[in-house]
Structure formats: structure tokens, C-alpha cells
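Undergrad: The structure that follows is given in the form of C-alpha cells.
The values are calculated or read from the model by the stated rules, or taken from the named source; none is laboratory data. From a predicted model like this one, the values you see are computed outputs, not experimental measurements. Note: ideal-geometry Cβ built from the backbone for every residue, glycine included; neighbour counts use all protein chains shown. For the accessible areas, the whole protein counts, side chains as well, though only heavy atoms, and no ligand, DNA or RNA atoms are used. Shrake-Rupley method; radii C 1.70, N 1.55, O 1.52, S 1.80 Å.
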Amino acid sequence: MSINTPDTNIILIVDDSPIHLKVLSESLVNAGYEVAVAINGETALKQALYEPPDLILLDIQMPGMDGFETCQQLKAHPSTQAVPIIFMTALADTSSKIKGLKAGAVDYLTKPFQQEEVLARIKVHLQIKDLTQSLLEKNLLLDQLNHKLKHLVLEKDIQLQEADKLSSMGQMMAGITHEINNPLGFVIGNANQVEEFLQDLLTHLQLYQKFYPNPAVPIQNHAEEIDIGFLMADLPEMIASIKQGSLLIKEISTSMRIFAKVDGKNKVLFNIHDGMNSTLLILNHRLKANEHHPEIQVIKKYGKIPEIECFPGQLNQVFMNIIANAIDALEESNQGKTYAEIIASPNQITISTELTPDQTQVLIRIADNGTGIPEEICSQLFNPFFTTKPVGKGTGLGLSISYQIVVDKHQGKLECYSRNGQGTEFVIAIPVHAPKC
Ligand SMILES: Nc1ncnc2c1ncn2[C@@H]1O[C@H](COP(=O)(O)OP(=O)(O)OP(=O)(O)O)[C@@H](O)[C@H]1O
Ligand SMILES: [Mg+2]
């Protein structure tokens, strides 16, 4: 056994002949190596595992465990598998050499030894070992750097995409709302005026009919032609539905404005229910009945919650992503079902809000009775680019962006509970008061 110093290489010599051990040890010590010796395979193994040497000179023919087996066992052990092994034997036949190299030896020395040759070979193999080691370390470092770089690029990419997605959508919606609001103002204003004028005209006409029940023939003919009775009954209803329609447009446009709030630098107080309602209105075209499915029922169980300090536009984006995923999952669960079957157990999205008992957080639950999520993919949901949807349908960014918004931007929590085949629930927790960070 020897004491290792950082600069000296330890060579373990394994040989059952004390004479060989002595001669070799002396020449290696003279050449500046630390030497350890073992007289059989078993001891060699123990010793090498206790303190792995830098190189092993291993005799092939030994009583008990021979050199080949000792070599195999050393190669099978993680702490000794990288130690170069040079076989030594009196055998010069090719098959032994091949067997030795197959067992994992790096070289072969045939007895009797030439001292210079032994030293030269040991030196070369120690150099190779050092180079391999430093190559491995550099590779590891390179791998780590590569990993970090990939992570940074991805992170930056996601943030850019997120910012891009949010700002271009926000701007587009703000633009559309603005364009709609002006003409909508005329329509609503004039519809009220038209309703009033029309009422006057109708009253006037009724007075004519009352006091001049038998007007001239052309007037009677024209009244019949235009079906004046129907016209007088229907016109007020038509005006009422124009007013109703334009009020609905106004509601949608207000929702778009709430939904597409372009967030400033600081968090502001926001009514989560307004955000949720506006998001649902924007998604209404996907919720109402169409040729693929009957109406998706939205069950709201809004609790009494205060306004919360947040970035409203970003939270709306989270609601949008999660509800859109729920609709996708419901549509997928409808595959292979008839319209009647779906009506019998209807597609549902349940949205509930509540304040935690300690009143510090608002919990928003969005649940669907769609496909559910297989357990093995639950842990991957929030990874960027993870999607199970066909190319072109999903980018796999919705949930990872939502996670960043909830967790990083709002110091909240976003969790998913799902049972495959039975539906999914996402729970968003947002602090009522933005924590100071
Ligand atoms: N409510 C849900 N029910 C079932 N699976 C869901 C649900 N929500 C998310 N998933 C699964 O999580 C995956 C990732 O969702 P994510 O919103 O991040 O990406 P995506 O919807 O595939 O694409 P997009 O970027 O367009 O949102 C989905 O592809 C889907 O497999
Ligand atoms: Mg999605």
C-alpha cells in the first residue's frame, strides 16, 4: 500500500512471483512512481477499490483468480473501470493477447521485460489516461455550457414570443374596438331617435285611420300593397332588435377592451370576474352550439372576492389559454359520440372563485369534463413546446406562458388535477396584494 501524493502516479503491480514484484517495484520506484503490490487477483481487487491506482500491471497466470478475470472485475466496477491495465505474461501467443485486450487491457508486456520498454509503455498509457480524463472533463463542461445556452435561448425565445403574442393581440383588439366604437355610437344614438320618431309617425297614422277611415282609392291600394297592418305591428319590434343587437356589440367591444388590457409596468386593482366574463364572451363562438357539438355549458360559481393587484391583460391571457384548452379537450372527448349522446351528458366548463380562509389569496378553478390528462404527461404540461395536438393546432406554449405569468409575474401558483377520461381542473392562486419583490 502506498501514500498518494498529487503529482506521483501510483502503479499497482499484481504478480504471484515475489521476485518479479521486487524487480519491477524497484525499477518503477527508481523512475519516480509510487508503487503498490498485490500477490493475487483477490487482493488486487480489494486494493484497487480501496484506493484506485493510476495504472495496473497485471500478471495473467496466477493461482486463484487469473489475470483475465481480475481484469474483467476491475472493468466492471465504476471506480476502477477507467484505470489502464497492462497485462504481463510469459505467454507470447496471439490468442492470449487477444483475450487480454478483449477483457479490457490497453496493452501487453511479454516476460522477460526490457526495463526501458516497460517504462516507456507505462509513460505512454499514463499520458493517454490523463488526456482522456481531461477530454472527458472538457466534454462535461461543454455539455453543461451547451445546456445552459439552450436554456437561455429558449427562455429568451419564449419571453419574446409571449411579449409578441400579448402585445400584437392587445394592439389588434384595441384597434378593432376603437374602430367599432365610433360607428356603434351612431347606431345606438340613432336607433333611440328612430324609435321615438317612428312612434310619433305611427300615432299620426293611427289618427288618420281613425278620423279618415275611407281615404282615396290610391291610398287604400298602396296600404294593401305594403300590408300596412303588418308593417305597423312589426316596425317597433324591428327597431327593438336593432337596439338589442347594437347593445350586444357594445358589450362585446367593452369585453374586448377589458380582455385586451395592455398592461403597464405596475400592477393595478382588477375585478377577476370582469376578466373572466370578457374572456368567455371572446370565446363565445367556440362555446355555442355548432355543427360539431351542442352548446358547451359554462357554470359560473363566483364567490365573494375582492379586486386583486395584478396585470389584468396577462391574467386574461391565462384564463383564455386554460379555457381554450378545456374547449379543445371537450371537443376531443366528443369524437365518436352522436349529438344526442353529447346532449345526454353535456360538455361542461365550471369556473369557480373563492378567497382562501386567511384571505390572502384568490383561488380560481377552471374545470372541464373532457378527455382528462394521462398521468405520465401531467409533469410535462408546463414545459414549453409540449403539445399533444396536431401540427398547426397547438404550439405547446399556452400553459408554459400561463405558468410564467402566474408564478413568475404574480408569485402565485398554477396546478393541474386530472383523471384520465374524466376531466381536468386547473387551479390558479393569486395573492390579493402583490408581494413586494
Ligand atoms: N383541459 C385539458 N384537458 C386535457 N389536456 C389538456 C388540458 N389542458 C392542457 N392539456 C394538455 O396539455 C398540452 C399543453 O397545453 P398548452 O396549452 O401548453 O399547449 P397547446 O394547447 O397544445 O398549444 P397552444 O400553444 O396553442 O396552447 C396540450 O397539448 C394537452 O395535451
Ligand atoms: Mg393551449
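Undergrad: Over segment 10-113, what percent of the accessible surface lies on carbon and sulfur atoms, probe 1.4 Å? Each step should come with its number before you reach the end.
TA: On the way: 2780 of 4730 Å².
Taking all protein chains in place, segment 10-113 shows 59 percent carbon and sulfur surface.
Undergrad: Considering the Cα positions of the chain, please state its Rg to one decimal place and its Dmax as a whole number of Å.
TA: Considering the chain through its Cα atoms, Rg and Dmax are 41.4, 146 Å.
Undergrad: To the nearest 20 Debye, how big is the dipole of the chain about its Cα centre, given +1 on the beta carbon of each Lys and Arg and -1 on that of each Asp and Glu?
TA: Numbers: 35 positive and 50 negative charges, 88 e Å.
For this selection, approximately 420 debye.
Undergrad: Computed FRET efficiency, Cβ-Cβ of I226 and I188, R0 41 Å: what is it to the nearest 0.05? Don't skip to the answer; put the middle values down first.
TA: On the way: r = 28 Å, r/R0 = 0.68.
Between I226 and I188 the formula returns 0.90.
Undergrad: Sticking with this structure for a sec: For segment 263-437, what mean projected area does the convex hull of the alpha carbons give, in nm²? Intermediate values should be presented prior to the final figure.
TA: Details: hull surface 42.8 nm².
Computing the convex hull of the Cα atoms and averaging its projections yields 10.7 nm².
Undergrad: Okay, moving on. What range in the chain is the longest one free of GluC sites (Glu not before Pro) that are in a loop by DSSP and have at most 15 other Cβ atoms within 10 angstrom? Could you put the intermediate results ahead of the total?
TA: Working: sites that count: E291, E295, E307.
Maximal segment without exposed cleavage sites: 1-290.
Undergrad: Right, next: Let me know the charge dipole size of segment 263-437 about its Cα centre in debye, to the nearest 20, where only the beta-carbon of Lys, Arg (+1) and Asp, Glu (-1) is charged. Before the final figure, lay out the partial values.
TA: Numbers: 15 positive and 18 negative charges, 63 e Å.
Its charge dipole is roughly 300 debye.
Undergrad: Run the 1.4 Å probe and let me know the accessible area of I219, rounded to the nearest 10 Å².
TA: The accessible area of I219 comes to roughly 100 Å².
Undergrad: Once both labels are modelled 7 Å past Cα along the beta-carbon direction, what's the A240-M169 spacing in nm?
TA: Each label point lies 7 Å from its Cα, and together they span 3.8 nm.
Undergrad: If I take all pairs of Cα atoms in segment 10-113, what percentage of them are more than 20 Å from each other? Mind dumping the intermediate values first?
TA: Details: 1566 of 5356 pairs.
Looking at segment 10-113, the distances longer than 20 Å represent 29 percent of pairs.
Undergrad: Could I ask something else about it? Based on Cβ point charges of +1 for Lys and Arg and -1 for Asp and Glu, what charge dipole magnitude is obtained for segment 1-104 about its Cα centre, in debye rounded to the nearest 20? Present the calculation step by step, with values, prior to reporting the outcome.
TA: Numbers: 6 positive and 12 negative charges, 60 e Å.
Here segment 1-104 has a charge dipole of around 280 debye.
Undergrad: Also, I was wondering about something else. Taking a spot 7 Å from the Cα of K111 along the direction of its beta carbon, which residues of segment 40-80 have an amide N less than 11 Å from it?
TA: 59-63
Undergrad: Farthest toward the dipole's positive end in the chain, which of I10, L235, I188, given Cβ charges of +1 (Lys, Arg) and -1 (Asp, Glu) about the Cα centre?
TA: I10
Undergrad: What ³J(HN,Hα) values, in whole Hz, does the Karplus curve 6.51 cos²θ - 1.76 cosθ + 1.60 give for segment 225-236 when θ = phi - 60°, with x put for Gly and Pro?
TA: Per-residue couplings from phi come out as 4, 8, 6, 4, x, 4, 4, 5, 7, 7, 3, x Hz.
Undergrad: Once R0 is set to 22 Å, what does the formula 1/(1 + (r/R0)^6) return for the Cβ-Cβ distance between H178 and H285, expressed as a FRET efficiency to the nearest 0.05?
TA: On the way: r = 21 Å, r/R0 = 0.97.
Here the calculated transfer efficiency is 0.55.
Undergrad: Assuming R0 = 22 Å, can you tell me the calculated FRET efficiency for the pair E376 and E331, based on Cβ-Cβ distance, to the nearest 0.05?
TA: Details: r = 22 Å, r/R0 = 1.02.
That gives a FRET efficiency of 0.45.
Undergrad: In segment 10-113, if the dipole is taken from +1 on Lys/Arg beta carbons and -1 on Asp/Glu beta carbons about the Cα centre, which of P52, I19, Q73 is farthest to the positive end?
TA: Projecting each Cα onto the dipole axis, the largest value belongs to Q73.
Undergrad: Which loop-located trypsin sites (Lys or Arg not before Pro) does segment 281-324 contain, where loop means any DSSP state but H, G, I, E or B and the Cβ has at most 13 other Cβ atoms within 10 Å?
TA: On the way: sites: R286, K288, K300, K301, K304; in loops: K288, K304.
Of the trypsin sites (Lys or Arg not before Pro), the ones in loops of segment 281-324 whose Cβ has at most 13 other Cβ atoms within 10 Å are K288, K304.
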